[in-house]
Structures are given as structure tokens and as C-alpha cells.
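A quick write-up on the structure given underneath.
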Amino acid sequence: MKRIGVLALQGAVREHLQMLESLGCEAVLVKQRADLEDLDGLVLPGGESTTMRKLLNRYELLEPIRTLAKQGLPMFGTCAGLILLAKELVDYESHLAVMDVVVARNSYGRQVDSFEVKLDIPEIGAAIPAVFIRAPHIVSVGKGVKILAEHEGKIVLARDGHFLGCSFHPELTSDARILEYFVSSMV
């Protein structure tokens with residue numbers, strides 16, 4: 001059984017926990033440094049990235065998570081989690097800076113502009129529901145990064161080795177295929 005942590009500072013934590021458990025994983029809340037021990041992977045959920053950064057600093061989690069990322073711990077960032085992982089942000093200072101992508105925050109508009117679409121993702125499946133809420137998008141990717149999905153010409157899902165990042169919230173649907181893809185890709 002894979003033991004996967006969910007950063008539990010803010011955002012769609014419960015939804016990720018439930019989806020991971022439905023996939024047969026042991027889902028662990030990560031609120032302090034000790035919670036990072038013996039994990040097979042880590043999910044960085046959506047929320048508000050600036051607030052999450054402040055909380056990562058307050059609870060002294062930023063450097064330990066960055067260290068684990070550099071040591072090869074698989075990580076999956078959704079929406080704000082993608083922003084946290086990005087090596088570079090447009091017009092903002094980066095956070096963990098471990099995934100070789102450049103990300104633009106709130107590129108799909110404000111909260112009232114939220115929407116849901118179905119994406120065909122060749123490596124994962126067809127008609128996957130994707131919920132976009134004040135979503136970022138990936139502006140560009142590094143040489144070794146694989147683009148997995150685009151929406152309206154914007155990159156919304158990419159893989160960089162042991163990092164998976166998406167602009168949307170798969171955990172807010174009943175479709176677990178993207179999270180299952182992350183779990184099954186762990187070595």
C-alpha cells in the first residue's frame with residue numbers, strides 16, 4: 001500500500017484524501033515536518049498559493065518539502081499546488097521551484113469565471129472532467145517536460161520526471177483517473 005501525504009494547510013484536502021483512499025492508498029495529512037516521514041508521494045492541493053506559501057514558512061515545511069522533491073519524492077500539484085512546484089512564475093517569486101515549468105497565475109480569470117470541461121488526455125483517458133477555478137496555466141516547459149493536456153491552446157497538465165502538475169481540480173469530480181495516473185507512475 002502506497003503512503004501518500006496531502007499537504008493539509010489549505011484547500012481541497014479532504015477531497016484528495018478520499019480519492020487516494022478510494023485508490024487503495026494510505027492517505028496522510030501533512031501539517032508538520034514529522035508528517036513528511038516515510039511517504040511514497042505528496043499531493044499539493046489547490047487553494048490560494050500566497051496563503052499556502054505563508055503557511056509553509058510558518059510551519060517550516062518549505063525547505064523539507066523542497067529537499068524531498070530534490071531527493072526524488074513524487075509530487076502532484078493541482079492548481080495552487082502547480083504554482084508551488086513551478087520553477088518560475090510570471091510576475092511573482094517562485095515557491096518550491098522544483099518543476100521545470102513557467103506558470104502564470106489566475107490566467108483563466110476570477111472566481112466567477114470558473115468552469116468545467118472534459119479533456120481527452122491520451123496517456124490517461126478520454127472525457128476527463130476538469131474543474132478550473134481561478135486557474136493558472138503553464139506558459140512554457142523545460143526540455144525534459146512532457147505536455148499531457150492543453151485547453152484552448154494553454155498547457156494545463158504536464159509531467160516533469162517525478163512531478164505532475166495540473167491547472168485544474170480533478171479531485172472536485174468523481175473521476176479518479178488523473179490521481180490514479182500519479183499513483184501508478186510512482187516507482
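Couple of notes before you dig in:
- Here residue 38 fulfils each of the conditions (1) open to solvent by 70 Å² or more (accessible area, probe 1.4 Å); (2) at pLDDT 95 or above; (3) under 17 Å from residue 185 (Cα atoms) apart from (3).
- Selection within the stretch 5-14: residues that are under 20 Å from residue 62 (Cβ atoms) and either free of Cβ contacts under 8 Å to residues at least 40 places away in the same chain or among the small types (Gly, Ala, Ser) (or both). The member of this set that is most open to solvent (accessible area, probe 1.4 Å) is 11.
- All conditions but one from (1) in contact with an Asp or Glu (Cβ under 9 Å, 6 or more places away or on another chain); (2) of a type in the set (Gly, Ala, Ser); (3) within 20 Å of residue 65 (Cβ to Cβ); (4) open to solvent by less than 30 Å² (accessible area, probe 1.4 Å) apply to residue 161; the one that does not is (4).
- Filter result for residue 104 (over 14 Å from the mean Cα position of the chain (by Cα), closer than 19 Å to residue 133 by Cβ, surrounded by fewer than 22 Cβ atoms within 10 Å (Cβ to Cβ) and among the hydrophobic types (A, V, I, L, M, F, W, C)): yes
- Pair list, Cβ under 9 Å, 6 or more apart: the stretch 95-108 residue closer than 19 Å to residue 75 by Cα, other residue in a loop (DSSP other than H, G, I, E, B) and among the hydrophobic types (A, V, I, L, M, F, W, C): 99/145; 100/145; 101/145; 102/90; 103/90
- For the stretch 124-142, a residue qualifies if it is open to solvent by 50 Å² or more (accessible area, probe 1.4 Å) and modelled with pLDDT under 95, and exactly one does: 134.
- Candidates are the residues of the stretch 138-187 that are in contact with a strand residue (DSSP E or B) (Cβ under 7 Å, 6 or more places away or on another chain) and of a type in the set (Gly, Ala, Ser); the one that is nearest to residue 75 (Cα to Cα) is 165.
- A Cβ distance below 7 Å, combined with a sequence gap of six or more or placement on separate chains, defines the contacts here; from the stretch 164-178, residues that are without any contact (Cβ under 8 Å) to a residue 60 or more places away in the chain reach residues that are β-branched (Val, Ile, Thr) in the pairs 173/131; 175/128; 177/124; 177/128; 178/124; 178/128.
- The number of residues in the stretch 73-94 that are hydroxyl-bearing (Ser, Thr, Tyr) and either in contact (Cβ under 8 Å) with a residue 40 or more places away in the chain or open to solvent by less than 60 Å² (accessible area, probe 1.4 Å) (or both) comes to 2.
- Close pairs from the stretch 15-32: first on the phi > 0 side of the Ramachandran plot, partner buried (at least 19 other Cβ atoms within 10 Å of the Cβ) and assigned to a helix (DSSP H, G or I), Cβ under 9 Å, at least 6 apart: 24/183
- Taken together, the residues in the stretch 51-72 that are under 16 Å from residue 5 (Cβ atoms), β-branched (Val, Ile, Thr), open to solvent by 20 Å² or more (accessible area, probe 1.4 Å) and in contact (Cβ under 8 Å) with a residue 24 or more places away in the chain amount to 0.
The values are calculated or read from the model by the stated rules, or taken from the named source; none is laboratory data. This one's a predicted model, so the numbers in the text were calculated from it and none came from an experiment. Note: ideal-geometry Cβ built from the backbone for every residue, glycine included; neighbour counts use all protein chains shown. Keep in mind that these areas ignore ligands, DNA and RNA; they rest on the heavy atoms of the full protein, side chains included. Shrake-Rupley method; radii C 1.70, N 1.55, O 1.52, S 1.80 Å.
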